[in-house]
Amino acid sequence: MPGAPCFAPSAFIFDGLMRPARLSRTLHRWLALVLGVQALLWVVSGFYMVVVDLDFIHGDPLVRNLTTPPPRVSEWLPFSEVRARHGGIEQIRIKGLPGSAVPLYELATRNGIVLVDAVTGEQISPLAERRVATLAQQYYAGRGKLERLTLLVTEAPLEIQGRPLPLWRADFDDWLATTLYIHPDSGELVTRRHRFWRWFDVFWMLHIMDYDERTDVNNNLLRIITTVSLILAASGLWLVYFSFRRVRA
Amino acid sequence: MRTMRILHKWLGLIVGVQLLVWTLSGLVFALLDHHQVTAQHSIRKSPKPVLGAETRLREPDDWLGAYEGAALRDISLVPLAGDWIYRVRLTDRTELRRAEDGSPMKVDATLASRLAEDLYAGAGRLRRIDLQTETLEARDAEGPVWRATFDDADATSLYFSAADGRLVAARNDTWRLFDIFWMLHTMDYQGRDNFNNPLVILVATGALWLGISGGLLLFRSFRPGELNLVARWRKQRSGASP
């Protein structure tokens with residue numbers, strides 16, 4: 001198309017008022033130049049998020065045995081006996097755990113979680129490493145092998161930010177690079193991560209433009225860029241109007 | 001490049017309005033304070049009560065016979081509105097029993113009101129309590145819920161599970177506004193949360209091609225020298241005053 005877009009503000013506005021088609025085009029080109037990369041990142045990351053099934057991202061097909069009923073036994077320790085032996089109890093739960101032949105008492109106390117054999121009354125938390133390895137394999141529904149088991153004590157990786165430590169990290173050698181996080185006292189599966197979740201997280205970071213914590217949707221960078229992008233999108237629509245009118249004329 | 005131009009133009013026509021809606025709703029998300037949206041400030045954070053030695057406990061052995069044949073998941077002894085109760089989770093439902101005598105109990109309107117007033121941290125007062133079976137606001141909860149409505153400025157509502165009295169959602173007008181734009185953003189006009197729906201996938205595919213074609217066109221649309229703003233500015237000035 002002929003004619004250089006005017007650059008001086010006064011001429012720009014004058015030209016825009018006289019020839020709105022020109023203004024919409026100029027606006028759209030220059031805003032696209034400035035915002036193009038982010039606009040492209042938005043559609044690419046948005047595309048990934050809508051196309052990949054969210055349940056798969058959450059790792060639902062990767063795990064099993066998430067609830068295990070407490071095994072039936074003829075006799076177990078009464079709740080009152082458990083209360084007498086432990087202090088600062090905020091909650092008592094009787095439950096099962098994969099691989100356990102007996103029901104277990106899980107106590108939430110002021111000092112954290114305590115796990116007790118409900119038949120003998122013996123405390124089994126924190127769980128032994130071998131026990132955690134067995135648990136990890138029982139939670140895991142994939143075909144890989146348990147590659148590494150690490151107790152995280154001081155530093156939580158970004159992918160489980162906000163969760164209290166310590167936690168066991170169980171890495172599997174499958175193509176999804178599955179990781180299960182297991183509570184060292186309760187033996188519960190806390191969360192799971194895999195390759196596509198990690199990509200999702202990166203795309204999410206790019207989508208909300210919070211490059212540190214990946215959680216703050218109210219950051220100023222996002223606010224400013226989104227505002228200007230609104231003009232980009234609006235000018236594009238405006239341009240669509242003119243570009244179709246021209247064909248008819 | 002002509003193909004790209006036609007593609008960009010037609011996709012702009014078809015996807016353009018939704019792209020504008022996405023940008024606008026994205027701006028709303030960025031502007032609305034997320035803490036306000038989650039309504040967490042309306043929930044009181046009080047220390048959890050400790051199970052005292054004087055609390056009377058009727059052991060599950062005495063009443064567990066009632067669940068003969070049912071598939072048990074777990075039994076928890078938990079505090080609820082100042083009392084201790086057993087929460088019996090079965091695979092298909094949850095039931096509550098008083099800790100002191102093991103008798104069954106239900107979360108009725110009175111208990112739900114007590115729970116709401118105990119947990120609410122705002123300036124308003126409880127105005128209504130009603131049982132709802134299908135709600136958009138507490139859509140993550142399973143089964144019926146009690147809705148407790150407060151008369152504060154942001155019209156806060158707390159939702160409690162009718163099965164076990166647990167707080168399942170906290171909503172206010174900021175969240176309600178957010179949620180309308182969330183629906184527009186996910187293009188799930190029924191459940192609002194499913195962003196894997198066919199419509200949004202279709203439109204997002206269009207938007208992806210709009211972006212790619214736009215990027216390619218952008219490369220071609222600028223002439224060499226046009227991006228050198230300083231030189232153009234100088235030229236314009238010298239041209240204006242010969």
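The values are calculated or read from the model by the stated rules, or taken from the named source; none is laboratory data. These numbers were taken from a predicted model, which means no experiment stands behind them. Here Cβ is always computed from backbone atoms with ideal geometry, including for glycine, and neighbour counts include all displayed protein chains.
Could you check region B:110-134 and list, in sequence order, the residues that are surrounded by 16 or more Cβ atoms within 10 Å (Cβ to Cβ) and assigned to a loop (DSSP other than H, G, I, E, B)?
Listed by number, the list holds a single entry, B:Gly122.
Name the residues in region A:160-197 that are under 20 Å from A:Pro126 (Cβ atoms) and basic (Lys, Arg), would you?
Listed by number, the residues that qualify are A:Arg163, A:Arg169.
Across region A:21-65, what is the number of residues that are away from chain B (no Cβ under 11 Å), surrounded by fewer than 20 Cβ atoms within 10 Å (Cβ to Cβ) and in a helix (DSSP H, G or I)?
Total meeting the criteria: 4.
Can you name the residue in region B:22-73 that is of a type in the set (Ser, Thr, Tyr) and within 26 Å of A:Leu232 (Cβ to Cβ) and, of all such residues, is nearest to the other protein chains (Cβ to nearest Cβ)?
For region B:22-73, the residue satisfying everything is B:Thr23.
So A:Ala101 clears everything in (1) at the interface with chain B (Cβ under 9 Å from one of its Cβ atoms); (2) outside any strand (DSSP E or B) except one condition, right? Which one?
Evaluating A:Ala101 over (1) at the interface with chain B (Cβ under 9 Å from one of its Cβ atoms); (2) outside any strand (DSSP E or B) leaves (1) as the failure.
Within 30 Å of B:Leu158 (Cα to Cα) and either out of contact with any Pro (no Cβ under 8 Å at 6 or more places or on another chain) or of a type in the set (S, T, N, Q) (or both): which single residue out of B:Arg56, B:Arg44, B:Arg97 fits that description?
On inspection, the qualifying residue turns out to be B:Arg44.
Table: residues versus (1) assigned to a helix (DSSP H, G or I); (2) within 18 Å of the chain's Cα centre (by Cα); (3) within 10 Å of chain A (Cβ to nearest Cβ).
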| residue | (1), (2), (3) |
| --- | --- |
| B:Gly143 | no, yes, no |
| B:Asp152 | no, no, no |
| B:Val168 | no, yes, no |
| B:Gly206 | yes, no, yes |
| B:Gly214 | yes, no, yes |
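When you go through A:Pro69, A:Pro61 one by one, which is the residue that is modelled with pLDDT under 95, closer than 30 Å to A:Pro184 by Cα and more than 28 Å from the chain's Cα centre (by Cα)?
Going through A:Pro69, A:Pro61 in turn, the sole match is A:Pro69.
Can you confirm whether B:Val107 is within 8 Å of chain A (Cβ to nearest Cβ), in contact with a Phe, Trp or Tyr (Cβ under 8 Å, 6 or more places away or on another chain) and buried (at least 17 other Cβ atoms within 10 Å of the Cβ)?
no
Taking the conditions exactly as written (in contact with a Gly (Cβ under 6 Å, 6 or more places away or on another chain), small (Gly, Ala, Ser) and facing chain A (nearest Cβ under 10 Å)), does B:Gly12 satisfy them or not?
Answer is yes for this residue.
Could you tell me which residue of region A:83-98 is farthest from the other protein chains (Cβ to nearest Cβ), considering only residues that are outside any strand (DSSP E or B) and closer than 18 Å to B:Arg89 by Cβ?
A:Pro98
Would you be able to say whether some residue in region B:176-190 is more than 14 Å from chain A (Cβ to nearest Cβ), touching a residue at least 24 places away in the same chain (Cβ under 8 Å) and within 30 Å of B:Asp83 (Cβ to Cβ)?
no
Inspect all residues belonging to region B:224-242 and state whether any of them is more than 10 Å from chain A (Cβ to nearest Cβ), assigned to a helix (DSSP H, G or I) and either closer than 22 Å to B:Ser42 by Cα or in contact (Cβ under 8 Å) with a residue 60 or more places away in the chain (or both).
Among the residues of region B:224-242, not one is more than 10 Å from chain A (Cβ to nearest Cβ), assigned to a helix (DSSP H, G or I) and either closer than 22 Å to B:Ser42 by Cα or in contact (Cβ under 8 Å) with a residue 60 or more places away in the chain (or both), which makes the answer no.
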